[in-house]
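Have a look at the structure below before the remarks.
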Amino acid sequence: MYSYLEKEYGKNKKGMILGIVLLSLASLLLIVALVKTISAKNNAIHLNDAIIMEEGRKENRLSYLDTIGFYQFASYGDDLGYYIAYDDEFMYIITIKEKDFDYFADKFDDSDVVRIWGYTKAIPSDAIPYAIDAVNEDMGEQLVTTSNFEDMLGDVMLEAHRDSSINVFSMLFSIAPIELLIAALCLIFGLILFFVDRANHRSYEQYLHDEELKAELESEDTRVFENMKLALTDNHVVSFNGALKVLDYSDIFWAYLTKHRTNGIADYNFLNLCTRDGKQIICGNGNTFGKKNRTATASNHDEILSIIKEKNPDVLLGYDQENINAYSELVKANKENNV
C-alpha cells in the first residue's frame with residue numbers, strides 16, 4: 001500500500017515536469033512568433049513594389065505608402081471608404097475605415113508626406129469603374145480606362161491600418177496566429193499541470209517519511225479501496241485522489257454521500273467528510289455508470305461509512321436537514337470563536 005502512495009507521488013512529479021515542458025514550449029513558440037513578426041515588419045515593402053512584383057505572394061503583405069494626398073471615390077456602407085492616394089509618380093487605391101479618416105488626414109498637419117502602413121488586398125471588381133471615373137474627373141481627361149487600369153492604378157490596393165496596429169505586438173495576431181494559439185494552450189495546460197501537481201506533490205512529501213503512517217498503511221487491518229484511491233487504517237482516513245489527505249476519525253463531524261450526474265446520467269458518487277474545524281474533504285470517488293459498477297460502488301461506500309461510524313460513534317451520517325443544521329451550527333460556532 002505504501003508503495004502505491006510512492007507511485008502517486010512519482011506521478012505528481014512527472015506532472016510537474018510535463019507542466020514545465022509545456023511552459024517551455026509556450027515560451028519557445030512565443031519567441032518564434034515574435035521573430036516571425038519582426039521579420040515580417042522588417043521585410044515590409046512599398047506598395048508600388050508589391051504591385052510590380054512578378055513572383056511571390058502579392059496579397060496580405062505588410063506594405064506601406066508614402067503619400068502626398070488622397071481623396072475618396074467610393075464608400076461601402078458607413079464603415080469603409082475607398083480612396084485614390086498619390087505620390088510624386090503614381091496613383092494607388094487605398095481603403096480607410098471611416099472612423100480612422102481624421103487620424104490619417106490630421107497627419108498632413110505635421111508633414112507634406114505621410115507614411116501609411118497596411119496590408120495589400122485585391123481590388124474589388126465593382127470598385128474599378130468608380131476609381132476610373134474619379135481619376136478622369138480629377139484629371140479633366142480620359143486618362144484611365146478598363147484596359148490600362150492595372151498600369152495606372154495597379155492590381156492590388158492598400159488596406160490602411162493605424163500605426164499602433166502595425167507595431168510588433170499587434171502584428172503578432174495577424175502574422176503568427178497558429179503559434180499564438182498553440183502557445184496559449186501550452187501555457188494554460190502547463191500552468192494547471194505545474195501548480196496542481198506541485199501542490200499534490202508537496203502534500204505527499206509531508207507524509208512520505210512518516211513511519212507511523214507507513215506502519216498503519218502496511219498493517220493487515222487496513223482496508224484499501226484502490227479504485228477509489230482511499231484507505232482506512234486503524235486511526236486515519238487516507239485519500240490519495242489528487243493531493244494526499246490524512247484525516248483522523250475523531251476529526252470527522254459529518255459524512256454523507258453525493259451522487260454526480262453528467263447530462264442527467266449518473267456517472268460517479270463520492271463521499272463528503274466534513275470536519276470539526278469546518279473543512280470539507282471530498283474523496284472516495286466511485287464509478288456508477290452501469291449496474292455492475294453502481295452495485296460495487298454502493299457496497300464500498302456502505303462499508304466505508306460503516307467503518308467510519310465504528311471508529312467514531314459520534315459522527316453524523318447521511319444528508320438530511322437535521323445534520324445540515326448541526327453542521328451549520330458547528331461552522332457558526334467556529335467563526336464566533338475565531339473572531
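The values are calculated or read from the model by the stated rules, or taken from the named source; none is laboratory data. All values reported here derive from a predicted model rather than from experimental measurement. Note: ideal-geometry Cβ built from the backbone for every residue, glycine included; neighbour counts use all protein chains shown.
Please count how many residues of segment 63-76 are closer than 18 Å to S125 by Cβ and under 39 Å from the mean Cα position of the chain (by Cα). Qualifying residue count for the region: 2. Checked against (1) more than 18 Å from D126 (Cβ to Cβ); (2) surrounded by 14 or more Cβ atoms within 10 Å (Cβ to Cβ), K99 passes all but condition (2). Taking the conditions (1) over 41 Å from the mean Cα position of the chain (by Cα); (2) more than 21 Å from V246 (Cβ to Cβ); (3) exposed (fewer than 11 other Cβ atoms within 10 Å of the Cβ) in turn, N325 satisfies each one other than (1).
Residues in segment 142-167 that are charged (D, E, K, R) and under 33 Å from the mean Cα position of the chain (by Cα) were compared, and the one that is surrounded by the most Cβ atoms within 10 Å (Cβ to Cβ) is E159.
Screening Y204 with (1) within 29 Å of G318 (Cβ to Cβ); (2) crowded, with 19+ Cβ neighbours inside 10 Å; (3) not β-branched (V, I, T) gives one miss only, at (1).
Of all residues in segment 39-50, those that are more than 17 Å from D66 (Cβ to Cβ) and free of Cβ contacts under 8 Å to residues at least 40 places away in the same chain have Cβ atoms under 9 Å from Cβ atoms of residues that are of a type in the set (A, V, I, L, M, F, W, C) and assigned to a helix (DSSP H, G or I), 6 or more apart or on another chain, in S39/I175. Annotation: M171 fulfils all but one of (1) modelled with pLDDT of 90 or more; (2) buried (at least 18 other Cβ atoms within 10 Å of the Cβ); the unmet one is (1).
Taking segment 121-146 as the range and being in contact (Cβ under 8 Å) with a residue 24 or more places away in the chain and either of a type in the set (F, W, Y) or outside any helix (DSSP H, G or I) (or both) as the test, the residues that pass are K121, A122, I123, Y130. Among the residues of segment 170-192, those that are farther than 12 Å from G19 by Cα and touching a residue at least 60 places away in the same chain (Cβ under 8 Å) comprise M171, L172, I175, A176, E179, L180, I182, A183, A184. Assessment of segment 287-298 against the conditions (among the hydrophobic types (A, V, I, L, M, F, W, C), without any contact (Cβ under 8 Å) to a residue 60 or more places away in the chain and out of contact with any strand residue (DSSP E or B) (no Cβ under 8 Å at 6 or more places or on another chain)) yields no matching residue.
Matching residues to (1) touching a Lys or Arg at 6+ places or on another chain (Cβ under 8 Å); (2) more than 20 Å from Y119 (Cβ to Cβ):
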{"position": "I17", "(1), (2)": "no, yes"}
{"position": "I31", "(1), (2)": "no, yes"}
{"position": "R57", "(1), (2)": "no, no"}
{"position": "D66", "(1), (2)": "yes, no"}
{"position": "F70", "(1), (2)": "no, no"}
{"position": "F73", "(1), (2)": "no, yes"}
{"position": "D79", "(1), (2)": "yes, no"}
{"position": "I94", "(1), (2)": "no, no"}
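Just need a number here: residues in segment 207-249 that are buried (at least 19 other Cβ atoms within 10 Å of the Cβ), of a type in the set (K, R) and part of a helix (DSSP H, G or I). Number satisfying all stated conditions: 0.
The set of residues from segment 150-206 being outside any helix (DSSP H, G or I) and under 19 Å from L65 (Cα atoms) comprises G154, D155, V156, M157, L158, E159, A160, H161, R162, N167.
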